[in-house]
1. Return the only residue of 80, 62, 13 being in contact (Cβ under 8 Å) with a residue 40 or more places away in the chain and under 15 Å from residue 180 (Cα atoms).
2. Given the criteria assigned to a helix (DSSP H, G or I), open to solvent by 40 Å² or more (accessible area, probe 1.4 Å) and not hydroxyl-bearing (Ser, Thr, Tyr), does residue 131 qualify?
3. When only residues in segment 40-74 that are in a loop (DSSP other than H, G, I, E, B) and open to solvent by 70 Å² or more (accessible area, probe 1.4 Å) count, which is farthest from residue 212 (Cα to Cα)?
4. Of the residues that sit in segment 173-199 and are among the small types (Gly, Ala, Ser), open to solvent by less than 10 Å² (accessible area, probe 1.4 Å) and out of contact with any strand residue (DSSP E or B) (no Cβ under 8 Å at 6 or more places or on another chain), which one is farthest from residue 307 (Cα to Cα)?
5. For segment 226-289, give me every one of the strands (runs of 3 or more DSSP E) that falls completely inside it and has 1 or more residues that are without any contact (Cβ under 8 Å) to a residue 24 or more places away in the chain and within 22 Å of residue 170 (Cβ to Cβ).
6. Inside segment 75-100, can you point out the residues that are within 17 Å of residue 287 (Cα to Cα) and open to solvent by 20 Å² or more (accessible area, probe 1.4 Å)?
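The values are calculated or read from the model by the stated rules, or taken from the named source; none is laboratory data. Quantities reported herein were computed from a predicted structural model and do not represent experimental measurements. Cβ: placed from backbone, ideal geometry, glycine included. Neighbour counts: every protein chain shown. Areas reflect the complete protein model, heavy atoms only, side chains present, ligands, DNA and RNA absent. Shrake-Rupley method; radii C 1.70, N 1.55, O 1.52, S 1.80 Å.
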Amino acid sequence: MAPNSDHDHLRALKKFDDTKAGVKGIIDSGITSIPTIFHHPPEAFAPLAPLSTDISIPVIDLLGHRPEVVIAVKAAVETLGFFLVVNHGVPEATMSDTLAAVKGFHEGPVKEKEPYYTRSEGRRVRYSGNADLFRSPAAKWRDTLYIDDADQLVEEVLPPMCRGAMPEYTRLMRQLGHVLFGLMSEALGLQHDYMEEETGCLDALLLGCHYYPACPEPHLTLGAVRHSDASFLTVVLQDGTVDGLQLLVHDNKQQQVWVKVPAMAGALAVNVGDFLQLVSNDRFKSVVHRVVSNSAGPRVSVVCFFRANMATLCGPVVVDGSGPPRYRTVKAEELFGSSRTMLKSALSPQTALDYLRL
C-alpha cells in the first residue's frame, strides 16, 4: 500500500473497531457491498485448487470396539488430519443450547456486548470483530466471542446468555478430550494416558464462538484465511445451516484439493493441530483449512482448542520406527507465536512448524 492508502486503511480499521458492533453491525446497517478493509487479495484464495467431492471424511463411533477405534483414528490423523465423531458423550440438547447461546449473544444489542469487547488477550472472556484486526492484511468476515476455560470461571464473568451453556459444554469437552487423547496416545504406540500426563494437552481449553453473517460479496472476503491450528486438537461444533469449513488435502493423484466439511447431525468435527503434529514427530498431520464466506447466513460454530499452558515444553516423541526428532523442543508459547506469525502472513506457503524443524 502507498502511504496515503496505509493511512486510510488504518483509519477505516479504527472506525470499524470503534463501533464495537462487529461485522454483524455492518450487516445491520443495510450495506449492499462490503468495506474495502474486508477485501482479500486474490493470492489469499490460493491455492486455486478444485473443490473435490471424491474424498470422504471418516466418521468414527467412539463407542465402537476399542482396537478398531484406535485403528480408525490412526488412519484418519495420519492422512487427512481430520475426522468426525459420533457417540462422543455430548448430548444433542447441550450442543443445541450452546449454539443458541452463541447466536443469541452475537445477535443481541450492541450495548449488551460492549462490556466484553476488547483486544486484550489477558481477558478470559473477550469479544471482537476480528481479534487480529490490526495485525492482518485484511479483515475477516466474522465476529468471535473467546472464552478461556469456561468451566473454571465464576458465572458472573460470562455474558448472561452464555452462563448456562458454556461451562457445561466446556466440561463435556474436557471429558471428550480425555477420550480423544487416550486414543491418540495408543495410536502412537504409547500408554493411553501419555498425552494427558506428559504434554499438558488438557491444561488450557479455549472456546472460539464464531458468528459468520451472510455476506453480499462473498467472493471478495473470507471468514477464516488458510491456516493450521495452534492446538493439540480442535473440536468443532457446527450449526449445519450454512457450509463454510473446507480442508486442503491431497487426492489420490497427490493433487491439492479443497474438501467441504459436512455438518452431520449429532457429530463433532476433530482436527489435528500443530502441537500434535510436533509431538507425534510428523506422524499425525495438522490439517490446513479455511472458512469461505457465503451469501446465506448466519453460520454459527463453536470451536474448542485444546492447548498447553504457554510455559509447557513441547517436543517430539520418538518411538520405534518414527526416525530421529524432526523438531526442536520449544515452549508452547513459541509454537503459538509462530502460528500467529503465519496467520499474519497468510499468503506464505510455509507453516508455523517449518520454523521449528531441525
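1. On the way: 80 fails: under 15 Å from residue 180 (Cα atoms); 13 fails: under 15 Å from residue 180 (Cα atoms).
Unique residue meeting the criteria: 62.
2. Values: assigned to a helix (DSSP H, G or I): no; open to solvent by 40 Å² or more (accessible area, probe 1.4 Å): yes; not hydroxyl-bearing (Ser, Thr, Tyr): yes.
For residue 131, the condition - assigned to a helix (DSSP H, G or I), open to solvent by 40 Å² or more (accessible area, probe 1.4 Å) and not hydroxyl-bearing (Ser, Thr, Tyr) - is not met.
3. Checking each candidate, the answer is 65.
4. From segment 173-199, those among the small types (Gly, Ala, Ser) are 177, 182, 185, 187, 189; that's our starting set.
So of that shortlist, the ones also open to solvent by less than 10 Å² (accessible area, probe 1.4 Å) come out as 177, 182, 185, 187.
After this cut, where a residue has to be out of contact with any strand residue (DSSP E or B) (no Cβ under 8 Å at 6 or more places or on another chain) as well, the list is 182, 185, 187.
On the way: 182: 16, 185: 16, 187: 19 Å.
Checked segment 173-199; the qualifying residue farthest from residue 307 (Cα to Cα) is 187.
5. No strands (runs of 3 or more DSSP E) qualify here.
6. As a first pass, look at segment 75-100 and keep what is within 17 Å of residue 287 (Cα to Cα): 75-85.
75, 78, 79, 80, listed by residue number.
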